[in-house]
Amino acid sequence: MRLKRVFEKCVWFVRVFVAAKPGSYLWIAVGLLFLTLNLVPAGSTQEWMHEFRLRMLSEINRARTSNGVPPVEIDEHACAVAQLHANDMADGEYFSHWDRDGLKPYMRYSLAGGYHALSENLSRTKGIPIERLHEAIVSSYLAEKPPNDGHRRTLLQRYATHVGIGIATGGMWTYVVQEFVTKLVKLYPLPQFATLDERLQIAGSVTDGWELHNIDVFYEPLPSPMAREELNRRGAYGLPDERKSLFKLLPPNARYADGSRGDIVVTDDGSFFSPLPFFANRPGVYTVVVWIKERNDKVYIPATTASVFVCRDKSGAENLRRQLSRYAELMPKGFLQGYK
């Protein structure tokens, strides 16, 4: 798509050159415009994007600090995920938390090897100089009022620790993606793709000063490609309603209200283990949300949004893996593909 846009620009410039008289001011102006705007070395583009991310990070942390919230750090892996979505919106000329594969933000992050809790902010602007874009975006988020203040709440998430930032241009629009990440749990990587008959286990550990409360497994159907019109109609996103809750394993003579003993084994060092149930008994996306709380506190926060794409058989899983293979290129080096 990017090559197509470059080709279309070149065709446009050729037509103008042909229409203009050699030596005319129009001929010279178009030539200079082509040289200054379209012959930018790749290295310079990377430097420009890096500089924008640093400016945006500074503006984000200025807003967080002034609102009594700890600052966040830049996360290169989350930046790669954010950049992929920014590019996809620019190439596809749409604006949505879903992408053209029908994936939500936490699904894209999981396919790229991420598992931490993730929340996404998007913006699409035009006519704002790049030198002021970071200030304009953050200011617009801060100006939101309840109940329509989703961007503001994401920006000022108290327990977010990192952020990924992506930026791309398409037509007259500039697309900016912010992925806020909460890194308070270490989770043994789950496979991105599985079959209904596989038996997987959730295993990890909680950061010092925190403790596990419970684990929720959410279910939703497998995604399907979405057209631009449908994408542009979509608003806020969230986890689905269908879920199964897992709780800490009780002593042999203790029971929960439903008569069960629980599912999660928790050790003295904060490690935890639990089966991952495909409780809906049908193909779909099963997303693991580990809920934790600070010791002596009653506020629970989500620490993971790790999605597993479950198919009926290996053939279906392999076909889906090929369909979504572009996300695998973003996986960190040494990422484990999961276990059984």
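The values are calculated or read from the model by the stated rules, or taken from the named source; none is laboratory data. As the structure is a computational prediction, the values presented were derived from the model and not from experiment. Please note: Cβ atoms are built from the backbone with ideal geometry, for glycine as well, and neighbour counts cover all protein chains shown. Accessible surface is based on the protein model in full, side chains and every heavy atom, while ligands, DNA and RNA are left aside. Shrake-Rupley method; radii C 1.70, N 1.55, O 1.52, S 1.80 Å.
Yes or no: region 160-169 includes at least one residue that is surrounded by fewer than 18 Cβ atoms within 10 Å (Cβ to Cβ) and without any contact (Cβ under 8 Å) to a residue 60 or more places away in the chain.
Looking through region 160-169, none of the residues is surrounded by fewer than 18 Cβ atoms within 10 Å (Cβ to Cβ) and without any contact (Cβ under 8 Å) to a residue 60 or more places away in the chain.
Would a scan of region 67-74 turn up a residue that is outside any loop (DSSP other than H, G, I, E, B) and surrounded by 19 or more Cβ atoms within 10 Å (Cβ to Cβ)? Spell out the reasoning first.
Pass one, region 67-74, residues outside any loop (DSSP other than H, G, I, E, B): 73-74.
After this cut, where a residue has to be surrounded by 19 or more Cβ atoms within 10 Å (Cβ to Cβ) as well, the list is none.
No, that holds for no residue.
Residues are listed down the side, and each one gets a yes or a no for (1) open to solvent by 60 Å² or more (accessible area, probe 1.4 Å); (2) modelled with pLDDT of 95 or more; (3) over 30 Å from Phe193 (Cβ atoms):
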position	(1), (2), (3)
Leu35	yes, no, yes
Val40	yes, no, yes
Gln46	yes, no, yes
Leu54	yes, yes, yes
Gly92	no, yes, no
Asp101	no, yes, no
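Take the residues of region 106-159 that are within 18 Å of Leu57 (Cα to Cα) and without any contact (Cβ under 8 Å) to a residue 12 or more places away in the chain: which is surrounded by the most Cβ atoms within 10 Å (Cβ to Cβ)?
Among them, the one singled out is Arg152.
Give me the pairs: first residue in region 188-211 and free of Cβ contacts under 8 Å to residues at least 24 places away in the same chain, second residue among the hydroxyl-bearing types (Ser, Thr, Tyr) and buried (at least 19 other Cβ atoms within 10 Å of the Cβ), beta-carbon distance under 7 Å, and six or more apart or on different chains, which are they?
Close Cβ pairs (under 7 Å, with a partner that is among the hydroxyl-bearing types (Ser, Thr, Tyr) and buried (at least 19 other Cβ atoms within 10 Å of the Cβ)) do not exist here.
Tell me whether region 326-339 contains one or more residues that are at pLDDT 95 or above and open to solvent by 30 Å² or more (accessible area, probe 1.4 Å).
Here is the first cut: in region 326-339, the residues at pLDDT 95 or above are none.
Scanning region 326-339, I find no residue that is at pLDDT 95 or above and open to solvent by 30 Å² or more (accessible area, probe 1.4 Å), so the answer is no.
Filter region 178-225 for residues that are hydrophobic (A, V, I, L, M, F, W, C) and not in a strand (DSSP E or B); which is surrounded by the fewest Cβ atoms within 10 Å (Cβ to Cβ)?
Let us first name the residues in region 178-225 that are hydrophobic (A, V, I, L, M, F, W, C), namely 180-181, 184-185, 187, 190, 193-194, 196, 200, 202-203, 206, 210, 212, 215, 217-218, 222.
Narrowing further to those that are not in a strand (DSSP E or B): 184, 190, 196, 222.
Numbers: Leu184: 21, Leu190: 23, Leu196: 16, Leu222: 14.
Looking at the filtered set, the residue picked out is Leu222.
List the residue pairs whose Cβ atoms are under 7 Å apart, where the first residue sits in region 75-91 and is under 14 Å from Tyr175 (Cα atoms) and touching a residue at least 60 places away in the same chain (Cβ under 8 Å), the second is of a type in the set (S, T, N, Q) and open to solvent by less than 10 Å² (accessible area, probe 1.4 Å), and the two are 6 or more positions apart or on different chains.
Final answer for the pair search is Ala82/Gln178.
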